[in-house]
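Below is one structure, written out as structure tokens, with a few remarks after it.
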Amino acid sequence: MNQNKIRCPLCGTEDNEFFFRDKFRDYRRCGECSLLFVPPEFHVTRESEKARYEEHNNDPDDAGYRGFLERIVTPVKKDFAPGARGLDFGCGPTPLLAELLTAEGYEMETYDPFYDSGRGVLDETYDFIVSTEVVEHLSRPLGVFEKLLAMLKPGGALAVMTRLYDDSVDFSGWHYKNDRTHICFFSVGTFDWLARRLDLKYERTGNDIFVFWRDTDNHPPAWRPDPSSSRRGAGKK
């Protein structure tokens, strides 16, 4: 493969260059959107990706795993009232996040390309969508972002959890890149590019949670209420 003619999987340009090589694969950095990515020739098979996923400890009774997912419940609870309808995109074999949100009074659907893909939930609309540890696996992330945003009702929000790369990270020793199913690594610059491209605003919560909503010129998003008012009501159109 001509290493000088690789298209960035996010922005589609050929403005990228070699960034790093380990014993398994190469990594490139896009000059347009700042995405770090793995060229397609190094991607694992779908079968290998599923096998790797099943090595994860996703025990719903594990307190550490529950605490990990509860961090993305917080921005949902802050901005959406119980009764709002949400989708857990990339729920995995045990949809604990959806169960946590259901317990808080939200109406939840789930989707996962390996475990839960046959119910037509991607043809429906939602007040909010949550997606934890998914975007780093995507071979065509822009199309997925566009699809998820199109599934939001007016004033809806997309909450994404992924580890962020910045120049303070020692990439050679970064554990996040050692998972061979991780093929895209985002940064603040990448999310800034994405916001410009798709007319979005976003907020960062903690180190690894990013909440996106459609930018508007005349009023704040419907999901972000005035502090003196109640949170967004259930199923508001």
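With the convex hull of the Cα atoms taken as the outline of region 4-65, the averaged projected area works out to 6.1 nm². Placing unit charges on the Cβ atoms of the charged side chains and taking the dipole of region 68-222 about its Cα centre, the candidate lying farthest along the positive direction among M108, V76, F210 is F210. Tell me the angle of helix 188-198 to the major Cα principal axis of the chain, expressed in degrees between 0 and 90 and rounded to the nearest ten. For 188-198 against the chain, the angle is about 60 degrees. By DSSP, the beta bridges lying fully in region 1-148 are antiparallel in about 50 percent of cases. A Stokes-Einstein calculation at 37 °C with viscosity 0.692 mPa s, built on the Kirkwood radius of the chain over Cα pairs, returns a diffusion coefficient of 175 µm²/s. Computed from phi, the 3J(HN,Hα) profile of region 18-35 under the Karplus parametrisation 6.51, -1.76, 1.60 (θ = phi - 60°) reads 4, 10, 6, 9, 10, 6, 9, 6, 9, 10, 10, 10, 7, x, 8, 10, 6, 5 Hz, with x in place of Gly and Pro. Taken one residue at a time, the phi angles of region 91-98 give Karplus couplings (6.51, -1.76, 1.60, θ = phi - 60°) of 6, x, x, 10, x, 5, 4, 4 Hz. Gly and Pro are set to x. Of interest is the spacing of the C-alpha centroids, which for region 129-206 and region 31-84 amounts to 10 Å. Quick check: the angle from helix 141-150's long axis to the longest principal axis of the chain, C-alpha only, nearest 10 degrees? That helix lies at roughly 10 degrees to the long axis. Fully extending the segment from D199 to D62 would add 45.5 nm, taking 0.36 nm per residue of separation and subtracting the current Cα-Cα distance. Compute the acute angle (0 to 90°) between the alpha-carbon long axis of helix 63-79 and the principal axis of greatest extent of the alpha-carbon atoms of the chain; round to the nearest 10°. The angle comes out near 60 degrees.
Each reported figure results from applying straightforward, stated rules to the coordinates on display, with no laboratory input. All values reported here derive from a predicted model rather than from experimental measurement. So basically every Cβ, Gly included, is an ideal-geometry build from the backbone, and we count neighbours across all protein chains shown.
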